[in-house]
Amino acid sequence: MKPLLLEIQAFGPYADKQVLDFRHLEGTDLVLIEGPTGAGKTTIFDAISFALFGRVPGARHDSMGRLRSTHASAAGLATQAIFTFQTGADIYRVERSPEYWRPKKGGRSGETKEPARARLYRVVGGIDGDLGRDEPLTAKIPEVNDRVTEILGLSADQFNQVLVLPQGQFRDFLLSPSDQKQQLLERLFGDPLHGRIAEILAMEQREADQRLKDVDAFLSRHLDAAGFTDGKEVLATAEGVDLALPFLRDEEESARQGLQEATELLGRVRDVASRFDRLSELTKEYEQQRLHQGALEPRRRELDLADRAEMLRPLLEDMARAEKMATSCKVTLADLEPRLAKAMVEEDRVAADIAAFERGAKDEEAWRTEGARLAQLEETEEAAAKERAERARLEVEQKRLWSERSRAVTDLLLAV
């Protein structure tokens, strides 16, 4: 099985949707999933096992009812695990949700139980890393379980036992001596690994012994029937060889097949042991690197502080110049404050003088206006007086003329 894509949502410590694209690891022989306790490393394997078989490994299976993330506050956010994997040339996607309680929608109080669900698809048309479209295979939980077991060729127990090592025991296994590795393997795989290999080899030995006994019995029967009592004499004859040869060839072929199977099994065991030894070496190197990094950490912090101090040097110099300038300004300000107070008093006095001057200017302007008005009035009075005098003169002249006219008329009348 080759993992391609894992999508989990509201699952374990993951409140929102998380996507792990294993296709980015193409060509990588060894991948380390590292993080602090409780970060969700084991949850990744739990999600894969749950998506495939509807259960999680080991004792954690007892907490199936608590698979929904306690951080998932949204009522409509479904708890689910979606796993896409490849076997041979076929790609499959399995979607699964556990039974869980969620808050009621619409802001109503209380909770609603969501039933468990499972769906299995065959992915077709995937080209160049694209997963293509889904072809539904089944949506019934028992059928999904059976089909996944059939596709992988492993049951849930076999999958979890062979492919998923329990958390906390893997590092102990890598760093432990050989006898402790054997004990740990016995705990992990149920039956002792070396005992199982010995049992297989012993079974092969028993079968070979039984086949040898069958050959002996076969030869004895035919020797007795032929009247021979000495096996060497029989084998020296062509008839005895012809009688034993077919059976011996069959037994030889069976023994050869058994030896080949045992050799292949031993090769696989040696390959696994070699991989574990290599992984143990890498783990020790990793631990040494961590210790080395731990020893370098104080020096690294010192260098980091030195770099930061160097970066802050221009700012500190600017700050020093600013403080010096501020001190100088304070001295200058202290010297200017009395002069400023005196200048402000002088400014007030000048302002009062200006106000008085402005008032005087306004009074002078008013007097000038009044003088002009009086002068104009005098001129008007003089003109009026002249006019009155002229009018009086004219009136006197008119009266004189009337008087002279009256006398002339009187004289004329008297003359008549």
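For the reader, a short list of remarks on this structure follows.
- Condition check for Thr70: modelled with pLDDT under 90 and either among the hydroxyl-bearing types (Ser, Thr, Tyr) or in a strand (DSSP E or B) (or both): yes
- Some residue of region 147-158 being closer than 30 Å to Ser280 by Cα, at pLDDT 70 or above, of a type in the set (S, T, N, Q) and part of a loop (DSSP other than H, G, I, E, B): yes
- Among residues of region 113-133 being modelled with pLDDT of 85 or more and of a type in the set (D, E, K, R), the one that is farthest from Pro103 (Cα to Cα) is Arg122.
- Residues in region 89-123 that are exposed (fewer than 11 other Cβ atoms within 10 Å of the Cβ) and either of a type in the set (Phe, Trp, Tyr) or closer than 24 Å to Ile141 by Cα (or both): Lys113, Pro115.
- Residue pairs whose Cβ atoms lie under 7 Å apart, separated by 6 or more positions or on different chains, with the first residue in region 252-266 and on the phi < 0 side of the Ramachandran plot and surrounded by 12 or more Cβ atoms within 10 Å (Cβ to Cβ) and the second among the small types (Gly, Ala, Ser) and at pLDDT 70 or above, are Ala255/Ala208; Gly258/Ala208.
- Restricted to region 279-295, and to residues there that are modelled with pLDDT of 75 or more and surrounded by fewer than 12 Cβ atoms within 10 Å (Cβ to Cβ), the residue that is nearest to Ile200 (Cα to Cα) is Glu281.
- Qualifying position, being touching a residue at least 12 places away in the same chain (Cβ under 8 Å) and part of a loop (DSSP other than H, G, I, E, B), among Lys113, Lys105: Lys105
- Answer residue from region 1-56, given it is hydroxyl-bearing (Ser, Thr, Tyr) and either part of a helix (DSSP H, G or I) or more than 22 Å from the chain's Cα centre (by Cα) (or both) and is surrounded by the fewest Cβ atoms within 10 Å (Cβ to Cβ) among those: Thr28
The values are calculated or read from the model by the stated rules, or taken from the named source; none is laboratory data. Since the model is a prediction, treat every value here as computed from it, not as a measurement. Positions of Cβ are backbone-derived with ideal geometry, glycine not excepted, and every protein chain shown enters the neighbour counts.
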